[in-house]
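Contents: one structure, followed by commentary.
The values are calculated or read from the model by the stated rules, or taken from the named source; none is laboratory data. Please read all numbers here as calculations on a predicted model, not as lab measurements. All Cβ positions, glycine included, derive from the backbone under ideal geometry; neighbour counts span all protein chains shown. Remember, those area values only see protein heavy atoms, side chains included, never the ligands or the DNA or RNA. Shrake-Rupley method; radii C 1.70, N 1.55, O 1.52, S 1.80 Å.
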Amino acid sequence: MLRWFPLAWLLFACAPDGGLVPDAGRPDAGALDVPAELPDAGPPEPEPPYEVVVDVGPDGPFGTHVISVPARANWVLTGLYLRAGESATFAASGTWSARGVTVGPEGDPSIGEAQRGCPVGALAVRSGLRFEDTIACLPGAATYVAPRDGIVYVGMIESTDLGEAYHERLDVDGTIEVTITSVGATVPSVRAGEIAAYPFEQVASGWVELLGAHHRVVVPAAQALADRATAASSLGTLDRIYEIERGLRSGEPFFGQRIRWFPDDTLASIGYMLAGNPIRCVPELMTGNDRQRILRASEGPTDIWGFSHELGHVFSFVDGVWVYQYVNVESWPNIFTLRALRTLGRTTDQPNLDTYCAGRDAYLAGGPYETFRNDPFVQLCFLMEFEETYGAGFYERFFAGLNGETNEDVRYDGTDASVWRYVKSRFDLAAEEDTAALWTRWRVPL
């Protein structure tokens, strides 16, 4: 059964000089003009579902906390930080459901393949959220000894870390109660409105999680202190990107949970960012130079293409429908990227905004289909031509039509043509006419 794309396809590319190279950019001359003015944000949004925020102070010790862990939560921050060799005791009670089966915290080996030693449906604990890193099962009562320094997270095992990017938690539900006791340090969750006065210098663990309306950003406390002047407004910028992309998609990823941004020091060998929840980033995006750092996203010169692009991935996977992107998964998220940057008026200081259609003329003059297939810039140029032809609402209509679809509807048979036939059928509905002329011009196999 089709489940996942190769890992590298989800990554934000790394330039030879270490800079960020996103996948595409701004439409060329004559493209659709989207006003830069922002609409009124309106009243504050309600707390997202399946959210858990543990109230801990900056300097601990952690003590004892009882936490409700929803099965649908993409890992719950316990508020605890353990250094290598330090421990915490866990006691879990209750049941939740996984793939239609009611299970306790021990999980059920009969309902799916075990993941890193833990059965599907099991409660698990991990130190940090490094990609596909070690986890430990927590069947009922257990003592966890941290294998390394790290923030402690708990959650249900449903799939791999990569599988979660594709919304593998659609078939789980329910909540388990977990009591955690430890003398370890704390990791406070700090809301945007508290940043200006929060005593970051007192955080003994050295780590905090900053909360916006739609985001959780995990950063060193020292960096939060250094970026205090721009942190809240940068969370606001991330929130606006989320809201713009949500409006385009007419749906929310991960049941509307906040999207966590987590520094993963194992990621550098394969890329800069990895989409999902969390969105894993190289640590430099939290602590690096001013023009890349996430807590300076509100500043005009800061490159926010990558943040918009990774959110584009998670929005393009809403409800686990993704096979329509099978030919090139990196071109589709930039439909969201372009909409966000143009609506925000952030059309300068963003790499490749003016060049993503640079390969169009050479391809249309007779370049091989393999160029179109493998170059997300050329493919994005093709996709954006539909918006330019059929108006600003074209992709709203297309994505809204996906809300009633499943991956099986694509009828992928191993050929590119089967994917493109499906996309064309949905494009015809969005355009309310036959779009064959554009497909012929771009020599896309149907």
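Computed quantities for the displayed model
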quantity: All positions within the range 93-120 that are open to solvent by less than 20 Å² (accessible area, probe 1.4 Å) and either closer than 26 Å to Val217 by Cα or assigned to a strand (DSSP E or B) (or both); calculated: Trp96, Ala98, Val103, Cys118
quantity: Of residues in the range 202-218 being out of contact with any helix residue (DSSP H, G or I) (no Cβ under 6 Å at 6 or more places or on another chain) and over 28 Å from Pro253 (Cβ atoms), the one surrounded by the fewest Cβ atoms within 10 Å (Cβ to Cβ); calculated: Gln202
quantity: Tyr242 vs. criteria surrounded by 21 or more Cβ atoms within 10 Å (Cβ to Cβ), under 14 Å from the mean Cα position of the chain (by Cα) and at pLDDT below 95; calculated: no
quantity: Ser250 vs. criteria small (Gly, Ala, Ser), open to solvent by 20 Å² or more (accessible area, probe 1.4 Å) and either closer than 20 Å to Ala213 by Cα or at pLDDT below 95 (or both); calculated: yes
quantity: The range 175-192, residues that are of a type outside the set (A, V, I, L, M) and either outside any strand (DSSP E or B) or open to solvent by 30 Å² or more (accessible area, probe 1.4 Å) (or both); calculated: Thr175, Glu177, Thr179, Thr181, Gly184, Pro188, Arg191
quantity: Flag for Leu380 being assigned to a loop (DSSP other than H, G, I, E, B) and either touching a Ser or Thr at 6+ places or on another chain (Cβ under 9 Å) or basic (Lys, Arg) (or both); calculated: no
quantity: Exclusive hit being in contact with a Leu (Cβ under 8 Å, 6 or more places away or on another chain), under 28 Å from Ile157 (Cα atoms) and open to solvent by 30 Å² or more (accessible area, probe 1.4 Å), set Ile270, Ile279; calculated: Ile270
quantity: Scope the range 282-319; condition under 13 Å from the mean Cα position of the chain (by Cα) and surrounded by fewer than 21 Cβ atoms within 10 Å (Cβ to Cβ); matching residues; calculated: Val318
quantity: Candidates Val66, Val54, filtered to the one that is modelled with pLDDT of 95 or more, over 23 Å from Pro119 (Cβ atoms) and either of a type in the set (Asp, Glu) or not in a strand (DSSP E or B) (or both); calculated: Val54
quantity: Scan of the range 303-334 for residues that are assigned to a loop (DSSP other than H, G, I, E, B) and of a type in the set (Ser, Thr, Tyr), ordered by number; calculated: Tyr326, Ser331
quantity: Identity of the residue in the range 121-138, free of Cβ contacts under 8 Å to residues at least 40 places away in the same chain and open to solvent by 10 Å² or more (accessible area, probe 1.4 Å), that ends up nearest to the chain's Cα centre (by Cα); calculated: Glu132
quantity: Members of the range 425-446 found to be among the basic types (Lys, Arg) and either surrounded by 18 or more Cβ atoms within 10 Å (Cβ to Cβ) or in contact with a Cys (Cβ under 6 Å, 6 or more places away or on another chain) (or both), listed by number; calculated: Arg426
quantity: All positions within the range 343-376 that are open to solvent by 50 Å² or more (accessible area, probe 1.4 Å) and of a type in the set (A, V, I, L, M, F, W, C); calculated: Ala358, Ala362, Ala365
quantity: Meets criteria (under 30 Å from Ile195 (Cβ atoms), assigned to a loop (DSSP other than H, G, I, E, B), at pLDDT 95 or above and in contact with a Phe, Trp or Tyr (Cβ under 6 Å, 6 or more places away or on another chain)) for Ala88; calculated: no
quantity: Single match in Gly140, Gly174 (criterion: modelled with pLDDT under 95 and either under 29 Å from Phe255 (Cβ atoms) or hydroxyl-bearing (Ser, Thr, Tyr) (or both)); calculated: Gly140
quantity: Residue match in the range 156-166 (condition: buried (at least 17 other Cβ atoms within 10 Å of the Cβ) and over 24 Å from His214 (Cβ atoms)); calculated: yes
quantity: Options Glu387, Glu396; residue that is surrounded by 14 or more Cβ atoms within 10 Å (Cβ to Cβ), acidic (Asp, Glu), modelled with pLDDT of 95 or more and out of contact with any Ser or Thr (no Cβ under 9 Å at 6 or more places or on another chain); calculated: Glu387
quantity: Cross-chain or 6+ apart pairs with Cβ under 8 Å, the range 352-379 first and under 11 Å from Ser331 (Cα atoms), then in a helix (DSSP H, G or I) and open to solvent by 40 Å² or more (accessible area, probe 1.4 Å); calculated: Tyr356/Phe377; Val378/Arg360; Val378/Thr371; Gln379/Arg373
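Table: residues versus (1) over 19 Å from Arg260 (Cβ atoms); (2) touching a Cys at 6+ places or on another chain (Cβ under 8 Å); (3) not polar (S, T, N, Q).
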{"position": "Gly100", "(1), (2), (3)": "yes, no, yes"}
{"position": "Pro119", "(1), (2), (3)": "yes, yes, yes"}
{"position": "Glu132", "(1), (2), (3)": "no, no, yes"}
{"position": "Ala142", "(1), (2), (3)": "yes, no, yes"}
{"position": "Thr160", "(1), (2), (3)": "no, no, no"}
{"position": "Val172", "(1), (2), (3)": "no, no, yes"}
{"position": "Thr179", "(1), (2), (3)": "yes, no, no"}
{"position": "Ala197", "(1), (2), (3)": "yes, no, yes"}
